[in-house]
Amino acid sequence: MPVWDTPDTEEKLTTGTADTIKCPGCGQNIFFDAALGKLVCNYCGGAYDPQTKELSYRLEKKDREDADMEESSNHEIVCNSCGSIVVTEKNTAATFCAVCGSPALVSRRLSKQFRPDFIIPFKVTREEAVDKFLKFASKRKFVPSSFRSKATLQKVTGLYVPFWLIDGTCHMKVRGEGRKNRTDDAVDKYDVSVKYDFKVKGVPFDGSKAISDRLMEAIEPYDYDELKPFSNSYLPGFYAERYDLTALNMSERITKRMDLYAGQYARVLCPEYDEFKVEQNESFADDLSQKYALLPVWFLNYEYRGFRYGFAVNGQTGEVEGDMPVSAMKGFLQKLLFWILVIVPVAAVITAVIGTAVWLILTYIAQIKLAIDVIFPFFCIFLLITLIYLYYHGIAGAPSFLGILFSGRDLDKNGTIGRSIDRSIADLKTRYYNLGNEINMLLDEAPEVQQYYEGIPGASIQKEETFIGSTQIER
Ligand SMILES: [Zn+2]
Ligand SMILES: [Zn+2]
């Protein structure tokens, strides 16, 4: 069965036990969602308090109806590989999936209506996006040269990604320790409690299974001043993905970030402390509501040695992000350089020390006269054995090797000397040839709460501080 024929499994996504309680909103059965601590209606998207049956919030499904005449100018393209569905204008064809890069596509008439509430139109042009990708690559280490090739850059595609923009009310309740540095090298400590209610607006969550959440968080934020009512006229030349996760499907992820935001603002409210350490956090968010919006992203899918790497440029602000692989050839050359500069000299020193000792013993003590051209091949063989040993045991194995050679006993049995050598080597590696993991992982974190903060008129900050004591700083 092709992946797009999978029946709507949303009903099963909410875990919990069957409950005979009917939804106060629509009369369907509702289920208790343990992760959310709410009774959830999969039909109308209502989330209810288990005790009072009062509505906590509603995260609706959108685009439920069949497509009509208004949408006959569009068609949808289904990716057989990642399962994503993009909607575009009838005359816009596709040769590869905008989301995953696969060429396995099927085109068909619109299955359901496609009516996002809002859209932010593309502001960054294709040329600018390509330029951003190239600049991004130039800042990373050992980028495979095929990344800059015409074939790769031709794949840069403009995709409108479906987002749920979530509004909510945050209830902050935080206790922690505030520290104030004094001029006389002492620190005053306070026990601080803060309570405060505020709103967050438009926190974005992408409704696409195939698109990396981390990547989308990394190119935040968008400027919502440019949010326009959706119109089909924005589609030609671009693709717009259909959501395959409703906001309700994602409510665990959503509430997690909203709850985090509720507590995060405490630091903003406590600027009088040089340090503020949260010790108790009972903050949470509720009263969630959603907007269904398409946000512009330039995508680039890049395949390297059997792995796919995704890159994205925020189509409004131009912020670029992605995980870049390390070129195998360049990685090899770096390793080679490391061997030439570090490992071979170490082996040569070992050989020279041992060789000189053996030569001295033979010529002076044993009175055996040996020409250098007789002993030299033995030195070479010995150097080779040393190198092979170091290759398998690492340089950290050198003390053991020397111990066995000279005394017949492993003098570094516990590996103490070996470990300290290992540490110095690791330091050297991170400084001069950082290939610890084979990817340049430099994705940004999602913005902090300030980005989406909005005050509630009349809300007051309840702050209590108790002086605990002072400590002298050791100098
Ligand atoms: Zn309902
Ligand atoms: Zn795909």
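The values are calculated or read from the model by the stated rules, or taken from the named source; none is laboratory data. Only a predicted model underlies this, so the values are computations on that prediction, with no experimental measurement involved. Here the Cβ positions follow ideal geometry from the backbone for every residue, glycine too, while neighbour counts run over all protein chains shown.
Figures for the structure shown
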| read-out | value |
| --- | --- |
| One residue from L159, L165 being under 20 Å from S212 (Cα atoms), at pLDDT 90 or above and in contact with a Lys or Arg (Cβ under 6 Å, 6 or more places away or on another chain) | L165 |
| Any chance E54 is free of Cβ contacts under 8 Å to residues at least 12 places away in the same chain and either in contact with a strand residue (DSSP E or B) (Cβ under 6 Å, 6 or more places away or on another chain) or outside the structural domain of Y160 (by TED's automatic domain parsing) (or both) | yes |
| Filtered residues of region 60-103 (kept if under 27 Å from the mean Cα position of the chain (by Cα) and more than 17 Å from K209 (Cβ to Cβ)) | F96, P103 |
| Residue match in region 331-354 (condition: assigned to a loop (DSSP other than H, G, I, E, B) and either surrounded by 13 or more Cβ atoms within 10 Å (Cβ to Cβ) or in contact (Cβ under 8 Å) with a residue 12 or more places away in the chain (or both)) | no |
| Within region 254-323, strands (runs of 3 or more DSSP E) holding 1 or more residues that are under 29 Å from L59 (Cα atoms), of a type outside the set (A, V, I, L, M, F, W, C) and within 18 Å of the chain's Cα centre (by Cα) | 307-314 |
| Residues that are part of a loop (DSSP other than H, G, I, E, B) and either of a type in the set (D, E, K, R) or more than 7 Å from ligand 1 (Cβ to nearest atom) (or both), drawn from region 28-44 | A34, A35, L36, G37, N42 |
| Elements of type strands (runs of 3 or more DSSP E) in region 55-98, at least 2 residues being within 16 Å of ligand 2 (Cβ to nearest atom) | 74-79, 85-89 |
| Single unsatisfied condition, R108 versus (1) of a type in the set (K, R); (2) within 16 Å of ligand 2 (Cβ to nearest atom); (3) not assigned by TED's automatic domain parsing to the domain that holds S233 | (3) |
| Residue within region 111-130 that is within 16 Å of ligand 2 (Cβ to nearest atom), under 24 Å from the mean Cα position of the chain (by Cα) and part of a loop (DSSP other than H, G, I, E, B) present | no |
| Qualifying residues in region 45-66 (those that are among the hydrophobic types (A, V, I, L, M, F, W, C) and within 11 Å of ligand 1 (Cβ to nearest atom)) - the one surrounded by the most Cβ atoms within 10 Å (Cβ to Cβ) | A47 |
| Residue check for D33: among the charged types (D, E, K, R), crowded, with 19+ Cβ neighbours inside 10 Å and away from ligand 2 (no atom under 16 Å from the Cβ) | yes |
| Condition check for V143: outside any strand (DSSP E or B) and closer than 25 Å to R305 by Cβ | yes |
| Subset of region 79-109 [among the aliphatic types (A, V, I, L, M) and closer than 15 Å to P162 by Cβ] | I85, V86, V87, A98, V99 |
| Among (1) part of a helix (DSSP H, G or I); (2) under 25 Å from G83 (Cβ atoms); (3) in contact with a helix residue (DSSP H, G or I) (Cβ under 7 Å, 6 or more places away or on another chain) - the single one T246 does not satisfy | (1) |
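Condition check ((1) crowded, with 21+ Cβ neighbours inside 10 Å; (2) hydroxyl-bearing (S, T, Y)) across all residues:
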position: E226; (1), (2): no, no
position: F230; (1), (2): no, no
position: P236; (1), (2): no, no
position: L248; (1), (2): yes, no
position: S251; (1), (2): yes, yes
position: P271; (1), (2): no, no
position: K291; (1), (2): no, no
position: L295; (1), (2): yes, no
position: G318; (1), (2): no, no
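Listed here are the residues, each with its yes/no results for (1) within 16 Å of ligand 1 (Cβ to nearest atom); (2) of a type in the set (K, R); (3) loosely packed, with under 15 Cβ neighbours inside 10 Å.
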position: D68; (1), (2), (3): no, no, yes
position: E76; (1), (2), (3): no, no, no
position: C100; (1), (2), (3): no, no, no
position: P103; (1), (2), (3): no, no, yes
position: V106; (1), (2), (3): no, no, yes
position: R109; (1), (2), (3): no, yes, yes
position: K112; (1), (2), (3): no, yes, no
position: D117; (1), (2), (3): no, no, yes
position: K123; (1), (2), (3): no, yes, yes
